[in-house]
Amino acid sequence: MKKNAKNKRKNQDPSPSRQLTLRLAAVVRRNLYDFVIREGVKALHEMLEQDRERLCGPARCKGMPGDPVRWGRTEGRLVMGGQRVLIGKPRVRQRGQEVNLPCWEQFADEDPLDERTFEQLVLGVSTRGYRRSVEPLPEELGAHGASKSAASRRFVGITRRRLEDWQQRDLSKLGIVAIMLDALEIEEHAVLVALGIDENSKKHPLGLWLGATENSGVCAALLDNLIERGLDAQRPYLFVIDGSKALRKAIRERFGRRALVQRCQEHKRRNVLSHLPKRLHPSVSKTIRDAYQRGSKAMAKKRLLQLAARLEEDHPDASASLKEGLDETLTLKDMNLPLSLERTLSTTNPIENLNSTIRRVTRNVKRWRDGKMVKRWVAASVLEAQRGFRRLRGYKGMPILIRALLDYAEQIDRVDGLREAA
C-alpha cells in the first residue's frame, strides 16, 4: 500500500524540469505562428540587404561614378496570408533611376493574393467573411487588403480575365466528338452552357451564352461562337440536349443533317411524369427505364409505344409527351456501344453535374447586379468544376462512337449526292 501511494504521489508531482517543458510547449504552441512569421520577415530583410550589398558593395564604401548607390529605405507592400502587409524595403538608385531588388520582385508578385481570394470565394466564403477566413498577422506588419470591397475587387478582376481567356480559347485542336448543351436559370437570366467530350472521353467546358430565355437566338449565338473558335461545322458530332426545340433548330441550321442528336432520356422521363398523378409515377418510371435498357432500338421503341397507347385514354398529355421526339431518345441504340458509355451519353447528367457546381458556388450571391456578373460567376464555377472532371464511364467504346458518326456522315453524303444527281 505504501509503495502504491508513493508511486501515485510521484506521478502527480512532476519534476521541475518536466514542468518547465510543459510550460514551454504551451508557449510554443500559442506563439509558433507569430514566431515563424517574424523570423520569416527577418530573413526577408537579410535577403534584401544582401541584394543591396551585391549591387552597391559594403556599407560606407564609395564606388565608382555611375555605380548603384544606397538610397535609404521605404515601405513596400507584399502578399502574405491572403492579405497585404507593409515591409521595410531598402532602396537603390543608379543615374537617377530606381533599381529593383531581385528578391523584392520575386516576393512582390500579386498573383498569390488573387488566387487566394478566388479560391476562398468559389469554396463558399462570402466577401463579408473573407477577413475572418485569413490568418491573423502581427500588428506591426500593418495587414490590410482583406476587406469586403478589396476581396470583391480582386475577385471581379480575376474572374473577368479568366472569362475572357476561356471564351477566346481555340477549340480546333481538342478533337471534340460529342457536345452536351443545357441551360439553367439565374435570376431572370437563362445561361446556356456547352460541354465538349473529346476522342479520349475527356470533358472540356466550351463556352456559355446569356439570354433572357432559352430561345433559338441564344442557342444560335452560342453555336456560332463555338464555330468561330475552331469547331468544324462540317464534321459529324453527337449533340446531347434536353429536348429544347430552340436548341434542336439551332443545331440543324448550323451543323446540318450530319449532326446526330440524342435527346436526354432522363428529361423525357421527368416530362412524362409531370403529366401524371403521383400514384402512377413508380410504375411508369420503371417501365420507361426498362424500355431504355432494352438491347435494341426496335425493342425499346415498341415498349415505349405500348406504354403511350396505355396512357392515351386517361392521360393523353403524358402519352403525347412520350411520343414526341421518341426516336431521338433512342439515337445511340444499335451502335453497339458499351452499355456504360451508352447510358452516359443518353442523358445530360455530365452537364447536370456541372450545373450543380454552378449552383453551389453561386449560392452566396444575394444580389445579381447585371448579366456580366452572372457570366463571371458562372465562368468561375465552371473552371472550379473542371478540376474534378474525369473521363466518361465506358471510355474504351469511344472509337466505336467515332466510327458510327463517320459512317452516318458518309451515308448522308451519299443520299445528298443521289438527290443532286436526280
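The values are calculated or read from the model by the stated rules, or taken from the named source; none is laboratory data. These figures come from a predicted structure and were not determined experimentally. Every residue, glycine as well, gets a Cβ built from its backbone with ideal geometry; the counts of neighbours run over all protein chains shown.
Counting only residues that are among the small types (Gly, Ala, Ser) and more than 30 Å from PRO112 (Cα to Cα), region 33-83 holds 4 of them.
Pull out all pairs, ordered by first then second residue, where Cβ-Cβ is under 9 Å, the residues are six or more apart or on different chains, the first lies in region 372-391 and is closer than 21 Å to ASN200 by Cα and among the aromatic types (Phe, Trp, Tyr), and the second is at pLDDT 90 or above and not in a helix (DSSP H, G or I). Pairs that qualify, where the first residue is closer than 21 Å to ASN200 by Cα and among the aromatic types (Phe, Trp, Tyr) and the partner is at pLDDT 90 or above and not in a helix (DSSP H, G or I), are PHE389/LYS202; PHE389/LYS203; PHE389/HIS204; PHE389/PRO205. Would you be able to say whether some residue in region 108-120 is without any contact (Cβ under 8 Å) to a residue 12 or more places away in the chain and more than 26 Å from LYS42 (Cα to Cα)? Checked region 108-120: at least one residue is without any contact (Cβ under 8 Å) to a residue 12 or more places away in the chain and more than 26 Å from LYS42 (Cα to Cα). Residues in region 132-145 that are surrounded by fewer than 18 Cβ atoms within 10 Å (Cβ to Cβ) and in contact with a strand residue (DSSP E or B) (Cβ under 8 Å, 6 or more places away or on another chain): GLY142, HIS144. Taking first residues from region 43-66 that are at pLDDT below 85 and partners that are of a type outside the set (Phe, Trp, Tyr) and part of a loop (DSSP other than H, G, I, E, B), the Cβ contacts under 8 Å between residues at least 6 apart in sequence or on separate chains come to GLY63/GLY57; GLY66/ARG95.
Can you tell me which residue in region 354-371 is surrounded by the fewest Cβ atoms within 10 Å (Cβ to Cβ), limited to those that are assigned to a helix (DSSP H, G or I) and either assigned by TED's automatic domain parsing to the domain that holds PHE155 or free of Cβ contacts under 8 Å to residues at least 60 places away in the same chain (or both)? The qualifying residue surrounded by the fewest Cβ atoms within 10 Å (Cβ to Cβ) is SER356.
Criterion first (in contact with a helix residue (DSSP H, G or I) (Cβ under 7 Å, 6 or more places away or on another chain), crowded, with 20+ Cβ neighbours inside 10 Å, touching a residue at least 40 places away in the same chain (Cβ under 8 Å) and small (Gly, Ala, Ser)) does ALA409 satisfy it? Taking the combined requirement at face value, the residue does not satisfy it. When the residues of region 330-347 are filtered to those that are of a type outside the set (Asp, Glu) and out of contact with any Leu (no Cβ under 8 Å at 6 or more places or on another chain), the one that is farthest from LYS396 (Cα to Cα) is LEU330. Scanning region 129-141 for residues that are closer than 17 Å to ARG77 by Cα and either in contact with an Asp or Glu (Cβ under 8 Å, 6 or more places away or on another chain) or part of a helix (DSSP H, G or I) (or both) yields PRO138, GLU139, GLU140, LEU141. Filter region 52-88 for residues that are under 42 Å from the mean Cα position of the chain (by Cα) and farther than 26 Å from ARG131 by Cα and give the result. Across region 52-88, the qualifying residue is only THR74.
Here is a list: ALA194, ALA233, ALA221. Which entry is assigned by TED's automatic domain parsing to the domain that holds ASP407, crowded, with 22+ Cβ neighbours inside 10 Å, of a type in the set (A, V, I, L, M) and without any contact (Cβ under 8 Å) to a residue 40 or more places away in the chain? Give the derivation first.
On the way: ALA233 fails: crowded, with 22+ Cβ neighbours inside 10 Å; ALA221 fails: crowded, with 22+ Cβ neighbours inside 10 Å.
ALA194 is the lone residue from the list that is assigned by TED's automatic domain parsing to the domain that holds ASP407, crowded, with 22+ Cβ neighbours inside 10 Å, of a type in the set (A, V, I, L, M) and without any contact (Cβ under 8 Å) to a residue 40 or more places away in the chain.
Residue-level check: of (1) in contact with a strand residue (DSSP E or B) (Cβ under 8 Å, 6 or more places away or on another chain); (2) within 30 Å of ALA385 (Cα to Cα); (3) not in a strand (DSSP E or B), ALA59 misses just (2).
Can you confirm whether GLU328 is at pLDDT below 90 and outside any loop (DSSP other than H, G, I, E, B)?
Values: at pLDDT below 90: no; outside any loop (DSSP other than H, G, I, E, B): yes.
No: the conditions fail for GLU328.
Going by the structure shown, is ARG38 among the charged types (D, E, K, R) and either within 27 Å of CYS103 (Cβ to Cβ) or modelled with pLDDT of 60 or more (or both)? Before the answer, list the steps.
Values: among the charged types (D, E, K, R): yes; either within 27 Å of CYS103 (Cβ to Cβ) or modelled with pLDDT of 60 or more (or both): yes.
Yes: the conditions hold for ARG38.
Scanning region 58-87 for residues that are of a type outside the set (D, E, K, R) and crowded, with 16+ Cβ neighbours inside 10 Å gives PRO68, VAL69, GLY76, LEU78, VAL79, MET80, GLY81, GLY82, GLN83, VAL85, ILE87. Screening SER126 with (1) part of a helix (DSSP H, G or I); (2) of a type outside the set (A, V, I, L, M); (3) in contact (Cβ under 8 Å) with a residue 24 or more places away in the chain; (4) out of contact with any strand residue (DSSP E or B) (no Cβ under 9 Å at 6 or more places or on another chain) gives one miss only, at (1).
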